[in-house]
Amino acid sequence: MTLEEIQALERRFLMPTYDRLPFYPVRGDGCYLYDASGKRYLDLFGGLAVNALGYSHPRVRAALRNDSEPLIHVSNLIYHPYQALVAQKLARWTGLDRVFFANSGTEVTEGAIKLARAYARKHQSGNPFERYEILAVENSFHGRTTGALAATWPEKYRAPFEPLLPGVRFVRLNDTAHLRQSFDSRVAALLVETIQGEGGVVPISEEFLRTGQELCRSHDALFILDEIQCGLGRTGRMFAYQRYELKPDVVLVAKALAGGLPLGAIVARDEVAQAFSAGIHGTTFGGGPVQCRTALAVLEALEAPGFLERVEQTGAYFREQLQRLRSRLPIIREARGEGLMLAAELAVPGKEVVQQALEAGLVMNCTQETVLRFLPPLILEPHHVDEAIGILEPILTRLQANSTNQAAKHFASTEAHA
Ligand SMILES: Cc1ncc(COP(=O)(O)O)c(C=O)c1O
């Protein structure tokens, strides 16, 4: 099928929920995607932080092609070996104890909200309204179901579906005083993305996180870190929060976990996990054998000696290059991020940059209208960074020149009217 044929069919038969780029890759290898004509594209988007090992990674392929174990699905009411093996790794890396598997980021957020309420109920008098509130942070994104969405900040996502889950309040971003004021005995959990992804690669300050953790401890509320986008090696550490040696009660992962198959996990401290019991929470597909076997392969790749160090080094080099561009192009307001979760915030909308980059063979993303966001495969190397900058620099230089010209014209016309 051609791109045009697919577009025509989709226009007729799909719900109009996505504004897709006109791009139809037919195969991938490493950090590259290829269209039907054989044109190569460097991928700095990684399927929205999912393809951490890029495309056709030998470990992922081997896990998927393990013909000796052909079971695709067995249900969560019987056994397969891989859930426990993945859980063991996640527990080891987080220093937490127990895992619940689901299918997506939204679903693990939703499950974590339920876990916080179940934990609160178990540890309080049993009065449902004694402790049930979730504190979330302004500018956050936690998912699209009515619970996860209630903890998601942008009005445009929430407004059409209100009323959403009651009992969610927002704290001002990185405002520790407001966080303190917002805490009271009704709070069951503080839910925070360690680095906000959809919000534009915005780091939560160490002070805010530390204060949140302390307040949770003193109020017997759960400190839940959403590492769905920033976790699993993305920042050059297994989890972004490990930069500050925090001790969350619950960590949420999804996206990169199973190399492109749908899998998410709630990882929790033992006492918290015990708030769930048989039948109280569940899913048909979550944690299936193929997903978990593939997740094991992904996790083994991430923990291979030197892997995370390379993410950190390549990320530092990429960030340096973005800083260099910023120093000569004022249209770039800020270059920020950690490891291979990076952003260049522009003074103008970035949609056009994404289109032009695609034409030139570079796949990337713009979030929050003006933030160019980079979430490449974690196997990215410095030569890929050079290639990407080689494509971006002329595009941004032209954008700079256009906006300078426009500003000059605007200035001239206001002068003429004065
Ligand atoms: C931090 C964070 N939490 C939750 C989600 C929701 O995950 P999913 O789209 O897998 O439901 C996302 C998705 O982008 C995310 O970035």
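The values are calculated or read from the model by the stated rules, or taken from the named source; none is laboratory data. For clarity, every value in this text was computed on a predicted model and none was experimentally measured. FYI the Cβ positions are ideal-geometry reconstructions off the backbone, even for glycines, and counts take in every protein chain you see. Just the protein is used for accessible areas: all its heavy atoms, side chains included, with ligands, DNA and RNA removed. Shrake-Rupley method; radii C 1.70, N 1.55, O 1.52, S 1.80 Å.
Data for the structure
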{"item": "Matching residues in the stretch 322-338 - criterion: being surrounded by 14 or more Cβ atoms within 10 Å (Cβ to Cβ) and either outside any helix (DSSP H, G or I) or at positive phi (or both)", "result": "L329, I331, I332, R333, E334, A335, R336, G337, E338"}
{"item": "Of the criteria (1) farther than 19 Å from S218 by Cα; (2) open to solvent by less than 50 Å² (accessible area, probe 1.4 Å); (3) among the charged types (D, E, K, R), which one E133 fails", "result": "(1)"}
{"item": "For T94: the one exception among (1) of a type in the set (S, T, Y); (2) open to solvent by less than 40 Å² (accessible area, probe 1.4 Å); (3) within 13 Å of the ligand (Cβ to nearest atom)", "result": "(3)"}
{"item": "Cβ pairs under 7 Å, 6+ apart, first in the stretch 262-276 and assigned by TED's automatic domain parsing to the domain that holds R92, second open to solvent by 10 Å² or more (accessible area, probe 1.4 Å) and within 12 Å of the ligand (Cβ to nearest atom)", "result": "P262/N103; P262/S104; L263/N103; G264/N103; G264/S104; G264/G105; G264/E107"}
{"item": "Residue within the stretch 150-164 that is over 21 Å from L342 (Cα atoms), open to solvent by less than 40 Å² (accessible area, probe 1.4 Å) and assigned to a helix (DSSP H, G or I) present", "result": "yes"}
{"item": "When residues of the stretch 123-146 are limited to those that are under 24 Å from P160 (Cβ atoms) and assigned to a loop (DSSP other than H, G, I, E, B), the one farthest from the ligand (Cβ to nearest atom)", "result": "E138"}
{"item": "Boolean, P70 is more than 29 Å from A301 (Cβ to Cβ) and in a loop (DSSP other than H, G, I, E, B)", "result": "no"}
{"item": "Cβ-Cβ under 8 Å pairs, at least 6 apart or on other chains, the stretch 213-235 side over 30 Å from L378 (Cα atoms), far side open to solvent by 10 Å² or more (accessible area, probe 1.4 Å) and not hydroxyl-bearing (S, T, Y)", "result": "L215/R180; L215/F183; H219/F183; H219/D184; D220/H123; A221/R131; A221/F183; A221/L215"}
{"item": "Unmet requirement for W153, which otherwise passes all of (1) more than 16 Å from the ligand (Cβ to nearest atom); (2) touching a residue at least 12 places away in the same chain (Cβ under 8 Å); (3) under 21 Å from the mean Cα position of the chain (by Cα)", "result": "(1)"}
{"item": "Conditions (1) within 16 Å of the chain's Cα centre (by Cα); (2) farther than 13 Å from D226 by Cβ; number of the one not met by A148", "result": "(2)"}
{"item": "Selected residue (only one of A136, A63, A87 is among the hydrophobic types (A, V, I, L, M, F, W, C) and free of Cβ contacts under 8 Å to residues at least 60 places away in the same chain)", "result": "A136"}
{"item": "Breaking point among (1) buried (at least 20 other Cβ atoms within 10 Å of the Cβ); (2) in contact (Cβ under 8 Å) with a residue 40 or more places away in the chain; (3) within 18 Å of the chain's Cα centre (by Cα), for L372", "result": "(2)"}
{"item": "Top-ranked residue in the stretch 255-266 [being out of contact with any Asp or Glu (no Cβ under 8 Å at 6 or more places or on another chain) and farther than 18 Å from R59 by Cβ; ranked as nearest to the ligand (Cβ to nearest atom)]", "result": "P262"}
{"item": "Total residues in the stretch 136-149, condition within 20 Å of D249 (Cα to Cα) and either at pLDDT below 95 or open to solvent by 40 Å² or more (accessible area, probe 1.4 Å) (or both)", "result": "1"}
{"item": "Total residues in the stretch 51-60, condition farther than 14 Å from L296 by Cβ and more than 20 Å from the chain's Cα centre (by Cα)", "result": "2"}
{"item": "Any chance E69 is away from the ligand (no atom under 16 Å from the Cβ) and under 20 Å from C216 (Cα atoms)", "result": "no"}
{"item": "Which numbered condition A316 fails, given (1) surrounded by fewer than 23 Cβ atoms within 10 Å (Cβ to Cβ); (2) of a type outside the set (S, T, Y); (3) not assigned by TED's automatic domain parsing to the domain that holds E387", "result": "(3)"}
{"item": "Top-ranked residue in the stretch 193-217 [being of a type in the set (S, T, Y) and within 22 Å of R269 (Cβ to Cβ); ranked as surrounded by the fewest Cβ atoms within 10 Å (Cβ to Cβ)]", "result": "T211"}
{"item": "Single residue of the stretch 97-122 satisfying the filter (among the aromatic types (F, W, Y) and within 16 Å of the ligand (Cβ to nearest atom)) that is nearest to K247 (Cα to Cα)", "result": "F100"}
